[in-house]
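What follows is a set of notes on a single structure, which appears directly below.
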Amino acid sequence: MNQSNESTFAYVSFIRATPEKVWSALTDPNQMKEYWFGMHLETEWKVDAKWQMLFPDGRIADTGEILELDPPRRMRLKWRNEFKPELKAEGFALCTIEVEPYGESVRLSIMHTMERADSQFIKAVSGGWPKVLSNLKSFLETGRVVLTETDHSHA
């Protein structure tokens, strides 16, 4: 149960792929563009490294810092929205991504938390992550995405 001073979004998806393939898709900009509506993350992929998520046109969407990296199992990121002033004002959220073997598949868990009641940022990622992860699952299993940039822009 949420405490009144925290907002949380959690999502779990099961993907028929290896942990290594899921990790590669989560960290490779070329694969990321395929399922993340043309966006991708730029970073050195090491602890304490800064990262930024870029729109297809090069504008910065989000930024943060890598707090923990344990390939192909787990990463923790500080995460802040940069393009909506009201979301940026809320500051940094914490995003934990876990990849666990599950039979012939992978259990991918995403948790976004912010020490703020009724966070608008958490509401925003609650709408975004399911679309991104549906695309990721489909992309890894079939080579095709479910939703395109056009679908996403109508959301």
| task | List 102, 35 from most exposed to least, where exposure is judged by having the fewest other Cβ atoms within 10 Å. | result | 102, 35
| query | Viscosity 0.692 mPa s, temperature 37 °C: Stokes-Einstein D of the stretch 26-90 from its Kirkwood Cα radius, in µm² per second? | reply | 267
| Where Lys and Arg each count +1 and Asp and Glu each count -1, what net charge lies around residue 124 among other residues with Cβ under 15 Å from its Cβ? | +1
| Each residue of the stretch 11-26 in order: what ³J(HN,Hα) in whole Hz does its phi give by Karplus 6.51 cos²θ - 1.76 cosθ + 1.60, θ = phi - 60°, with x for Gly and Pro? | 8, 10, 9, 10, 10, 7, 6, 7, x, 5, 5, 5, 4, 4, 5, 6
| message | In whole Hz and in residue order, list the ³J(HN,Hα) couplings for the stretch 125-137 that follow from phi through the Karplus curve 6.51 cos²θ - 1.76 cosθ + 1.60, θ = phi - 60°; x for Gly and Pro. | response | 5, 5, x, x, 4, x, 5, 4, 6, 5, 5, 4, 4
| query | For the stretch 1-118, what's the relative contact order in percent, using C-alpha pairs closer than 8 Å and at least 6 residues apart? | reply | 31
| Proxy reagent accessibility, fewest Cβ within 10 Å first, across 139, 83 | 83, 139
| said: For the stretch 1-58, which GluC sites (Glu not before Pro) pass both filters: DSSP loop (anything but H, G, I, E, B) and at most 15 other C-beta atoms within 10 Å? | reply: 6, 44
| said: Let's test the formula: R0 of 30 Å, r as the Cβ-Cβ distance of residue 102 and residue 60. What FRET efficiency results, to the nearest 0.05? | reply: 0.30
| request: Arrange 40, 112 by Cβ neighbour counts within 10 Å, fewest through most, would you? | output: 40, 112
| field | J(HN,Hα) series, the stretch 56-68, from Karplus relation 6.51 cos²θ - 1.76 cosθ + 1.60, nearest Hz, glycine and proline x | value | x, 8, x, 5, 7, 8, 9, 9, x, 9, 7, 8, 8
| Expected-Rg normalisation [2.2 N^0.38 Å, Cα atoms] applied to the stretch 7-153 | 0.99
| Suppose R0 equals 22 Å; then what is the FRET efficiency for residue 150 and residue 82 from their Cβ-Cβ distance, rounded to the nearest 0.05? | 0.40
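Throughout, read-outs are computed from the coordinates displayed, never taken from laboratory work. The structure displayed is predicted, hence computed values, not measured ones. Note: ideal-geometry Cβ built from the backbone for every residue, glycine included; neighbour counts use all protein chains shown.
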